[in-house]
Amino acid sequence: MSAEIREDVVVDASRAPVSQTPKLGKKATGEAAGFIGGQVSATIDGHELKVPLGTTILDAAKSMGIRIPTLCHHPDLCVAGVCRVCVVEVEGQRALQASCAYPITAPIKVYTHTQKVRRARRHVIDLLLSEHCGECYACVRNNNCELQSLAKEFGVDFFRFGHVEQPRFEIDSSSYSVIREPDKCVLCRRCVRTCIDVQEVGALEATGRSIGTRISTYLDKPLGEVVCINCGQCINRCPTGALHARDASDEVWRAIEDPTKHVVIQTAPSPRAGIGECFGLEPGVPMTFQMNTALRLAGFDKVFDTNFTADLTIIEEGTELLLRLHKALVAKEPVAFPQFTSCSPGWVKFLEHFYPEYIPNLSSAKSPQQMFGAVIKTYYAQKAGIDPKDIITVALMPCSAKKFECNRPEMGDSGFKDVDYGLTTRELAQMIKEAGIHLPDMPKSDFDDPFGSRTGSGVIFGATGGVMEAALRTVIELVTGQKVENLFENANIVPVRGFDGVRYVELPVPEVSPTVEPLIAHLVPNWEFLKGATLKVAVAHGTANAKKVLDDIKAGGPFSQCHFIEFMACPGGCLGGGGQPIPTSPEIRKARARAIYNEDAASEVRKSHENPAVVELYREFLTDGPCGHVAHTLLHTHYTPRGKYIG
């Protein structure tokens, strides 16, 4: 078996609507950059360089190591040029120019630190502060606020143009996931560009004109009532505390302090790869086992690994895929293809709103977070002899949408609320600090039994393509009977990895195993129906890319021929989730991905179906096997067609 990346299967690379696309000169790239006219001379602060035609002054300065302060600029977003913090002098220009929005199309001389520039930047910051209401010491972004940092950098020691003393707007706490505090907004429009360009949801937009401009929702309705997918990407790019996640840490502390409650926490792989950033470490330094120790010191009774139910998800979701294929190819029954993954709650809600007709394509398997909640309040409660009503389940997740997911009315199949509270990486880091613990200094300790065993497949759920790779490791071995290591070096299915927005891969199945694993033998008698088939899979991350794939499916394009597609709401997958440490950038997400893949490579067991704790769970509790009655009751769910109509 070999995997072929189909580079000819592409979708439109443009993410943003025309109204949001930056109107810059086109930057010369590749061979064109070396041709006459492909490069332009620029002199910045007396230093000469040549840059590709269309390069912005800001990017040119960065390439020389010259820092220009910014506020509305973000490496993930298109140009806005609205804050003017990055102004510079351009020789021959009457006014100062925004360096982030000024393309170099002819030889120029630029000055970034003149007295005129310094005074203008200081006045811009003073003007921003004059309309900024809020006490820094009580703000969720205290000591990690870009406006606060700029005020300190430019020596702001009094409010030159006054200061708003009383709030003018109500705090919007209608959403389970995202809180809006408009008084702290600086109108940088990062959230608008994120919601429109990166995610193509459009829940936020700038309304009004001049001094009446504000960031709002449709008809100024509460965020919880509009078409918001709770992904939290707007939070990750907001420079102030105007947007932040709904924090449940006070409720978790109360549960920990209640002697009648047994408080357990599950930790996902992405927070473990990112939480070190909250303690001053470089991105990509994993804190998996130090965090286990810190959580016990903070008062949690048990610390479990979400990778356990990531492996369980692969067994259930993979079995569901094989059953769909069997129904379509053998029983000739109508089946919804491609099958879509369902472990990203932001993606699920995106589909419910924008493409509800494709809900049948979603795997009915719950996410690992919700599977674990159901298992803890049934199987674990029985084994530990604890009344489930006395168990509080907490989930550490990289995702603000997980807060919405655990509050969905469908998520109570255990007879109780399966997951009581969701915490983001940022929130747990704050709890650890509040407990007086410096995470990097903690000794390492393992996860608690009976869910202590884990696999590398569970770990890579945190990166885009990880769910697909984990599923393929298991499906390939079950169907072909061959070790995946014999087909892909070190079991690394590299074609589905990477940060391309959409990836399409074909895997021929020339031979099949003569036997079926006992775990699923009652469902599929043999694999002959897959002999000679070609498994077509795809991966998409960020809902703007998901939209392109879904539109292609709708039009009967190549993606409509896929059998299985992994969708993740957030850029880069879970490691770029809305609850991860701030800031975020492509480089930071790549560093976190390296940490995740390194942990996978170091794992003793790399495949979900070889996790001994999962095998034991099926033997002791889910006795009718994957996709059986008990599994369907506890580990599967249904979804809600929501549409885009807002009353």
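The values are calculated or read from the model by the stated rules, or taken from the named source; none is laboratory data. If you're wondering where the values come from, they're calculated on a predicted model, not measured in any experiment. FYI the Cβ positions are ideal-geometry reconstructions off the backbone, even for glycines, and counts take in every protein chain you see. The accessibility values were calculated without ligands, DNA or RNA, using every heavy atom of the protein model including side chains. Shrake-Rupley method; radii C 1.70, N 1.55, O 1.52, S 1.80 Å.
Residues checked against (1) out of contact with any helix residue (DSSP H, G or I) (no Cβ under 6 Å at 6 or more places or on another chain); (2) within 28 Å of GLU277 (Cβ to Cβ):
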| site | (1), (2) |
| --- | --- |
| GLN115 | yes, no |
| ARG122 | yes, no |
| ASP126 | yes, no |
| SER130 | yes, no |
| GLY134 | no, yes |
| LEU150 | no, yes |
| PHE161 | no, no |
| PHE169 | no, no |
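Would you be able to say whether some residue in the stretch 122-129 is acidic (Asp, Glu) and open to solvent by less than 90 Å² (accessible area, probe 1.4 Å)?
yes
Looking only at residues in the stretch 452-478 that are open to solvent by less than 10 Å² (accessible area, probe 1.4 Å) and charged (D, E, K, R), which one is farthest from VAL509 (Cα to Cα)?
It comes out as GLU469.
Where the second residue is modelled with pLDDT of 95 or more and among the basic types (Lys, Arg) and the first is within 29 Å of VAL479 (Cα to Cα) and buried (at least 24 other Cβ atoms within 10 Å of the Cβ) and lies in the stretch 535-552, which pairs have Cβ atoms under 7 Å and are six or more apart or on separate chains?
So the pair list comes out as ALA538/ARG503; VAL539/ARG503.
Within the stretch 201-235, can you find the residues that are open to solvent by 40 Å² or more (accessible area, probe 1.4 Å) and in contact (Cβ under 8 Å) with a residue 60 or more places away in the chain?
If the condition is that a residue be open to solvent by 40 Å² or more (accessible area, probe 1.4 Å) and in contact (Cβ under 8 Å) with a residue 60 or more places away in the chain, then TYR218, LEU219, LYS221, GLU225 are the ones that fit.
Mind checking whether some residue in the stretch 329-349 is part of a helix (DSSP H, G or I) and surrounded by fewer than 24 Cβ atoms within 10 Å (Cβ to Cβ)?
Within the stretch 329-349, one or more residues are part of a helix (DSSP H, G or I) and surrounded by fewer than 24 Cβ atoms within 10 Å (Cβ to Cβ).
Confirm whether PRO518 is under 18 Å from the mean Cα position of the chain (by Cα) and not in a helix (DSSP H, G or I).
No: the conditions fail for PRO518.
Does PRO271 qualify as being open to solvent by 20 Å² or more (accessible area, probe 1.4 Å), in contact with a helix residue (DSSP H, G or I) (Cβ under 6 Å, 6 or more places away or on another chain) and under 23 Å from GLY456 (Cβ atoms)?
Judged against the criteria, PRO271 is not a match.
For the stretch 511-552, enumerate the residues that are among the polar types (S, T, N, Q) and over 25 Å from HIS609 (Cβ atoms).
Selection gives THR543, ASN545.
The rows are residues; the columns are (1) touching a helix residue (DSSP H, G or I) at 6+ places or on another chain (Cβ under 7 Å); (2) over 19 Å from GLU599 (Cβ atoms).
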| site | (1), (2) |
| --- | --- |
| ARG454 | yes, no |
| ARG473 | yes, no |
| ILE476 | yes, yes |
| THR480 | no, yes |
| LYS483 | yes, yes |
| GLY498 | no, no |
| GLY501 | yes, yes |
| VAL516 | no, yes |
| ALA521 | no, yes |
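Could you please find all residues in the stretch 98-137 being assigned to a strand (DSSP E or B), touching a residue at least 40 places away in the same chain (Cβ under 8 Å) and aliphatic (A, V, I, L, M)?
Selection gives ILE108, VAL110.
Limited to the stretch 236-253, what total is found for residues that are in contact (Cβ under 8 Å) with a residue 24 or more places away in the chain and exposed (fewer than 15 other Cβ atoms within 10 Å of the Cβ)?
1
Take the residues in the stretch 579-588 that are touching a Lys or Arg at 6+ places or on another chain (Cβ under 9 Å) and not β-branched (Val, Ile, Thr), then tell me which one is most open to solvent (accessible area, probe 1.4 Å).
In this case the residue turns out to be PRO583.
Identify, from the list VAL484, VAL394, VAL502, VAL479, the residue that is at negative phi, touching a Gly at 6+ places or on another chain (Cβ under 9 Å) and either hydroxyl-bearing (Ser, Thr, Tyr) or in contact (Cβ under 8 Å) with a residue 40 or more places away in the chain (or both).
Selected residue: VAL394, the only one of VAL484, VAL394, VAL502, VAL479 that is at negative phi, touching a Gly at 6+ places or on another chain (Cβ under 9 Å) and either hydroxyl-bearing (Ser, Thr, Tyr) or in contact (Cβ under 8 Å) with a residue 40 or more places away in the chain (or both).
Within the stretch 589-610, restricting attention to residues that are open to solvent by 30 Å² or more (accessible area, probe 1.4 Å) and assigned to a helix (DSSP H, G or I), which residue is nearest to ALA395 (Cα to Cα)?
The qualifying residue nearest to ALA395 (Cα to Cα) is GLU599.
Every residue in the stretch 296-315 that is part of a helix (DSSP H, G or I) and either modelled with pLDDT under 95 or surrounded by 24 or more Cβ atoms within 10 Å (Cβ to Cβ) (or both), please.
ASN307, PHE308, THR309, ALA310, ASP311, LEU312, THR313, ILE314, ILE315
Residues to consider are PHE289, PHE279; find the one that is surrounded by fewer than 20 Cβ atoms within 10 Å (Cβ to Cβ) and under 17 Å from GLU427 (Cα atoms).
Checking each option against the conditions leaves just PHE279.
Tell me whether the stretch 189-204 contains one or more residues that are farther than 30 Å from GLY501 by Cβ and in a loop (DSSP other than H, G, I, E, B).
no
Can you pull out every residue in the stretch 325-341 that is touching a residue at least 60 places away in the same chain (Cβ under 8 Å) and either touching a strand residue (DSSP E or B) at 6+ places or on another chain (Cβ under 7 Å) or among the aliphatic types (A, V, I, L, M) (or both)?
Matches in the stretch 325-341: LEU325, LEU329, VAL330, PRO338, GLN339, PHE340, THR341.
Can you tell me how many residues within the stretch 417-446 are surrounded by 20 or more Cβ atoms within 10 Å (Cβ to Cβ) and assigned to a loop (DSSP other than H, G, I, E, B)?
Total satisfying the criteria: 3.
Failed condition for ALA613, given (1) farther than 29 Å from CYS78 by Cα; (2) of a type in the set (A, V, I, L, M, F, W, C); (3) part of a loop (DSSP other than H, G, I, E, B), with all others met?
Condition (3) is where ALA613 drops out.
For the stretch 479-511, which residues satisfy the criterion of being surrounded by 20 or more Cβ atoms within 10 Å (Cβ to Cβ) and under 26 Å from PRO626 (Cα atoms)?
VAL479, THR480, VAL484, ALA491, ILE493, VAL496, LEU507
Report yes if ASP197 is over 24 Å from LEU396 (Cα atoms) and of a type outside the set (A, V, I, L, M, F, W, C), otherwise no.
yes
Exactly one of these conditions fails for ARG193: (1) open to solvent by less than 20 Å² (accessible area, probe 1.4 Å); (2) in contact with a strand residue (DSSP E or B) (Cβ under 8 Å, 6 or more places away or on another chain); (3) among the charged types (D, E, K, R). Give me its number.
Only one criterion is unmet by ARG193, namely (2).
Give GLY647, GLY556, GLY572, GLY576 a once-over and let me know the one that is among the small types (Gly, Ala, Ser), at pLDDT 95 or above and open to solvent by 40 Å² or more (accessible area, probe 1.4 Å).
Only one candidate qualifies: GLY556.
Among the residues in the stretch 258-265, are any closer than 27 Å to GLU566 by Cβ and among the acidic types (Asp, Glu)?
no
For residues that are outside any loop (DSSP other than H, G, I, E, B), under 23 Å from GLY155 (Cα atoms) and open to solvent by 30 Å² or more (accessible area, probe 1.4 Å), tally how many sit in the stretch 45-97.
Going through the stretch 45-97 one residue at a time, the tally reaches 2.
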